Every structure is written in structure tokens, then in C-alpha cells.
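Only one structure is covered here, and it is reproduced in the block below.
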Amino acid sequence: MPELPEVETTCRGLAPHVEGRRIRALTVHDARLRWPVPAELPAMLAGQTVTGISRRGKYLLFHTAAGIMMIHLGMSGSLRLVTPGTPRKTHDHLVWDIDSGWELRFHDPRRFGCCLWLTGAQLADPQSHPLLASLGPEPLSADFGDDHLFSQSRGKSAPVKSFLMDSHVVVGVGNIYANEALFRVGIHPLREAGRIGAERYLRLTEAIRDILAEAITRGGTTLRDFVNGKGEPGYFQQELTVYGRAGQPCVRCGRMLKEVRLSARSTVYCGHCQH
DNA sequence: CGTATCTCCTGCAAGC
DNA sequence: TGCTTGCAGGAGATAC
């Protein structure tokens, strides 16, 4: 599951090999992603130079003069650079021939990802695209201020974990990091978002910043291996204190960690340390 | 508007 | 061994 750190790692890993390079061709082996890959995309991209790669939330934006290619990795998607001639794997749906000599491949078994094409007004201002327009602030930017979570949560009765994972509140806090951040600050995941005070939200805000920044740092250690498909997501190297550890002892108090389903998401917490 | 549920899809694990 | 069944999960769409 690509979380924000892995998307950021992908962005940084691709940039030196793709920015300033020309796309010779795009081959669509399977257009059936979350939304169909636009039929005109190969023709639109051919010959275009990628002027830059940026990220908004978990969306990656490949900028060209003709348009912006917007990619989301969904749950199982990945982008890898390989040498031409590398055998194509099952679920390698999209292949870009780059004039740097690399081939960029989009691999996505579950096809929850997408690859869209932004033109016209959305080329001039991609933030106006419907999928981007209502996104919350970047968790590592100044827009994610100390007071943001507290002020946004007033009057909300949803569980704080659902609130945190709402991309309209703040982007990039997926299931893994929502679990981890709540454990770190001792907040019960099912607590009503609107009934948590400003002080606790400040500590939660700092925990989200710290955990994501740390994960990106660790993800960065995989950058040297990113090319040619050897990249491991940074968070697999990060010690996870609760996610995936239901039934195991709490690292703080030793009691058994509990698990509940919240909107079909695995939610793990310590009933003693989190209130 | 806020909240909960449904939905897409495939790999994997468990059960028989 | 090989089949069937259940399940996870990002986030937009839909229903209330």
C-alpha cells in the first residue's frame, strides 16, 4: 500500500532520470485502471519533454508543455525504471520509452490506480482539477498548521481515525500512519474527533509530521536501489508499533494489542495506553 | 453538510 | 492437490 512516503520516494527517485527527458512513446497494455487510461494519451505524450515531476497528496504530476499526466498508485501500484528489454511482468500495464535510455513501467495488480491527462485550464492550474481541488493541506507543509486538526474537527462526531484518514482534512495519512500516530500520542482511534482538545491535537499534529518525515528519510535510503526495480518501500524498514501487530504485546505496557474494523480498515490499538 | 456504506480488483491464506 | 471462499484496502461515488 503506497502511503505518502512511498509516493514521495517515487517522485524523488524518478526525477533525476525523467525530468528534462523526452518521452518517445507510451504503450498501453491494459487501459482498465480505476478510470480508463485516456485513449488519446499515447499520441498526446509522444515527443513531449517532462519539464518536472511534482506530488500533491498521493497524486504524482508529470508536467509537459502539452498537458499534465496525473498518476495515482492506488493500493498496489508502483512505478519503476528498468532497462529496455527487461521482460514485462504480469500487471505491467503502462510502459513509457524515455530518451534517457530507461523504460518507466507502471505495475498495478489490483488496478486501483489511475493515469489521467490534464489539459486546458487544468494544465495552467492543476489544483483546479476535481480530484485535487478539495484536498486538505500537505502534512509536511506550513499549511498543516498547529491548529488545523483542532479547528477542522469541531462538530465532527466521526472517529478520530476516520477523520485523520479523510484526504479533505489532511492528505497522505493512510491506514498505517493513522494507527501509528494515534498510538504515539495515546489517543483511542474510536474517540469522537470533535471531543478531543486543542492540546492533544497539537501533539497529534506533531506526531504525524515526525512519523511521515522519518518514513520519507528512511524511504530515501532506498533511492539508490530505486532504479531497475529493486526499491523497497521505506516504511517496511520502519518499526511499526501497532499496525500489523494485533494480539502482540504493546511496546509500552506489554498488554495485548486489540484490533477493530473501522470502515473495513484494520485498526490496532492498545486499550491501556490509548484513551 | 456530515457520516456510513458501497465499489473497483487481485493475490494470498485458510478451509475443505 | 486443487478448488472455493473470504478478505484487505485508497478514496471516489452514492445513499441517507
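The values are calculated or read from the model by the stated rules, or taken from the named source; none is laboratory data. For clarity, every value in this text was computed on a predicted model and none was experimentally measured. FYI the Cβ positions are ideal-geometry reconstructions off the backbone, even for glycines, and counts take in every protein chain you see.
Brief remarks follow.
- Every pair of residues 6+ apart whose Cβ atoms lie under 7 Å, when the first sits in region A:263-274 and is part of a loop (DSSP other than H, G, I, E, B) while the second is within 16 Å of DNA strand C (Cβ to nearest atom) and hydroxyl-bearing (Ser, Thr, Tyr): A:263/A:162
- Among residues of region A:171-219 being of a type in the set (Lys, Arg) and within 19 Å of residue A:140 (Cβ to Cβ), the one that is farthest from DNA strand C (Cβ to nearest atom) is A:203.
- Filter result for the condition that a residue is assigned by TED's automatic domain parsing to the domain that holds residue A:54, under 21 Å from residue A:33 (Cα atoms) and at pLDDT 95 or above, over A:123, A:118: A:118
- Residues (away from DNA strand C (no atom under 15 Å from the Cβ), within 24 Å of residue A:261 (Cβ to Cβ) and either surrounded by fewer than 16 Cβ atoms within 10 Å (Cβ to Cβ) or among the small types (Gly, Ala, Ser) (or both)) located in region A:135-170: A:153
- Test: residue in region A:2-18 that is within 16 Å of DNA strand C (Cβ to nearest atom) and more than 25 Å from residue A:130 (Cβ to Cβ): yes
- In region A:240-275, the residue that is nearest to DNA strand C (Cβ to nearest atom) out of those that are polar (S, T, N, Q) and under 12 Å from residue A:188 (Cα atoms) is A:267.
- In region A:33-78, the qualifying residues are those that are buried (at least 17 other Cβ atoms within 10 Å of the Cβ) and hydroxyl-bearing (Ser, Thr, Tyr), and the one that is nearest to DNA strand C (Cβ to nearest atom) is A:59.
- The single condition among (1) under 18 Å from the mean Cα position of the chain (by Cα); (2) outside the structural domain of residue A:254 (by TED's automatic domain parsing); (3) of a type outside the set (Asp, Glu) that residue A:142 does not meet is (1).
- Any hit, region A:195-209, residues being crowded, with 18+ Cβ neighbours inside 10 Å, modelled with pLDDT under 95 and away from DNA strand B (no atom under 16 Å from the Cβ): no
- Checking each residue in region A:79-96 for being within 16 Å of residue A:115 (Cα to Cα), more than 16 Å from DNA strand C (Cβ to nearest atom) and not hydrophobic (A, V, I, L, M, F, W, C) picks out A:80, A:92.
- Test: residue in region A:99-121 that is acidic (Asp, Glu), loosely packed, with under 15 Cβ neighbours inside 10 Å and touching a helix residue (DSSP H, G or I) at 6+ places or on another chain (Cβ under 8 Å): no
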